[in-house]
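To start, the structure under review is shown below, and the notes come after it.
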Amino acid sequence: MFSHRTDWKLTPNRFTEAQREVSAAGFEVLDLTVSNPTRAGLAYDSETILGALARPEAMDYDPQPRGLRSAREAVAAYYREQHEGFDVDPDAIVLTTSTSEGYSYVFRLLCNAEDEILVPKPSYPLFEFLADLQDVKLVPYPLLYDHGWQIDFPSLYKAVSHRTRAVVVVHPNNPTGSYVSDAERSALNAFCAEYGLALMVDEVFLDYPHDGAARATFAVNAEALTFTLSGLSKISGLPQMKLAWVTTSGPKDKVSAALERLEVIADTYLSMNAPVQLAAPVLLEQRRQIQPLLLDRLRANLEELDRQLGKQKACERLDVEGGWYAVLRVPVTQSDEDLTIEILRKVSVLVHPGHFYDFPTDGYLIVSLITPPEQFREGMGRVLGVVNG
Ligand SMILES: Cc1ncc(COP(=O)(O)O)c(C=O)c1O
């Protein structure tokens with residue numbers, strides 16, 4: 001009765017079962033995987049945010065496939081103001097409800113069934129489902145760690161086939177926190193030119209460099225046909241508002257052909273709602289309040305992590321440049337899943353095993369740096385207690 005693409009294994013995995021068991025037994029779990037900013041104890045300006053949603057114009061229905069012009073102009077203003085010198089044409093922006101929807105539109109635009117997309121490994125786990133739903137095949141290319149993460153270009157070249165349509169990069173990547181360097185950017189453009197591929201760049205964490213030095217967006221990348229995805233969920237810490245976008249840049253003829261087609265895809269769904277689009281300028285401005293809070297939190301937790309790591313031997317942290325996560329390297333005495341289950345059962349702390357993000361081997365744990373600081377300090381202490389035996 002059902003499509004093969006929905007033949008997912010829907011039984012809970014051992015890690016999820018262990019979480020249920022520990023909660024059912026009445027233990028309070030310290031969650032070090034918090035990725036929902038609305039539940040991270042941050043001070044939002046709720047009055048301004050909610051006030052912006054009650055505009056009288058929201059009673060009018062003005063179906064615009066790319067999204068309301070005023071909202072697209074607000075996105076262009078974000079690039080102009082936050083990423084000085086980057087002038088994004090509002091007509092090159094298509095609004096979506098989420099970055100996930102943006103991925104789906106672009107996969108639909110570029111791929112026939114079974115066409116291939118190159119994706120980084122380790123990276124964001126939702127890619128698998130997005131690809132399944134669009135009948136696209138993901139082909140991973142490795143990121144290598146050697147005092148910082150780098151794209152393994154020889155492997156990228158080996159991964160390309162006549163079915164490849166695009167390369168995905170996450171800038172900075174989740175969970176490795178590594179930005180695409182200038183040299184990698186040039187090499188990616190050359191790679192795309194050689195094989196006629198598009199570039200898809202996920203920049204949801206772009207504004208969270210830990211050293212405070214802004215990194216360049218790909219939103220105006222002119223060489224390859226480039227789709228840059230971002231949205232309010234991380235930029236303003238407002239995932240519940242469901243406002244994201246895809247900007248298209250590159251060679252003029254390709255950009256206009258891509259936009260005409262993207263417009264038809266977006267017109268088929270018309271998924272944007274009026275209140276959020278009308279509130280877009282205010283919601284985007286909220287970044288000025290929320291990003292400093294989040295950056296302070298990220299840095300404080302990272303400092304606390306390093307302080308605790310300095311007092312033990314078994315565990316170390318990998319270099320991180322930006323984003324909301326830290327990767328810990330731990331001795332491989334069992335699988336990462338077994339270790340996270342042991343940590344949960346012994347000390348009631350939730351951390352993610354590396355294999356959730358497709359780390360190639362065991363020996364990695366992932367923690368969220370947006371966790372409230374008290375919870376982070378206490379939780380890390382307990383995790384390191386278990387890892388150090
Ligand atoms: C790399 C990356 N892209 C996209 C998203 C989701 O963004 P959105 O809420 O706009 O779908 C996440 C969420 O954690 C993410 O880590």
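You can think of it this way: the chain between Leu144 and Asp7 has 46.1 nm of extra reach, that is 0.36 nm per residue less the Cα-Cα gap. Taking 0.36 nm per residue of separation and subtracting the Cα-Cα distance, full extension of the segment from Leu50 to Asp267 would add 75.4 nm.
Counting other Cβ atoms within 10 Å, keep those with at most 16, restrict to DSSP loop, and tell me which trypsin sites (Lys or Arg not before Pro) in region 248-330 are left.
Values: sites: Lys252, Lys254, Arg261, Arg287, Arg288, Arg297, Arg299, Arg307, Lys311, Lys313, Arg317, Arg329; in loops: Lys311, Lys313.
Loop-located and lightly packed - Lys311, Lys313.
The count of lysine pairs in the chain with alpha-carbon distances below 22 Å, taking only pairs 8 or more places apart or on different chains, stands at 9. Looking at region 88-180, none of the trypsin sites (Lys or Arg not before Pro) sits in a DSSP loop with at most 11 other Cβ atoms within 10 Å of its own Cβ.
At a 10 angstrom cut-off on C-beta neighbours, averaged per residue, how do the peptides 209-216, 97-104, 129-136, 331-338 rank from highest to lowest? Each step should come with its number before you reach the end.
Numbers: 209-216: 13.4, 97-104: 21.5, 129-136: 18.0, 331-338: 15.1.
Most protected by this proxy first, the peptides run 97-104, 129-136, 331-338, 209-216.
May I ask you to derive the FRET efficiency for Glu194 and Ala25 from their Cβ-Cβ distance with R0 = 51 Å, giving the value to the nearest 0.05? For R0 = 51 Å, the calculated efficiency reads 0.35. With only Lys, Arg, Asp and Glu charged, each at its Cβ (+1 for the first two, -1 for the last two), find how big the charge dipole of region 247-389 is about the Cα centre; round to the nearest 20 debye. Charge dipole, region 247-389, about its Cα centre: 380 debye, nearest 20.
Quick note: the coordinates plus some simple rules give every number you see, no bench work behind them. This one's a predicted model, so the numbers in the text were calculated from it and none came from an experiment. Here Cβ is always computed from backbone atoms with ideal geometry, including for glycine, and neighbour counts include all displayed protein chains.
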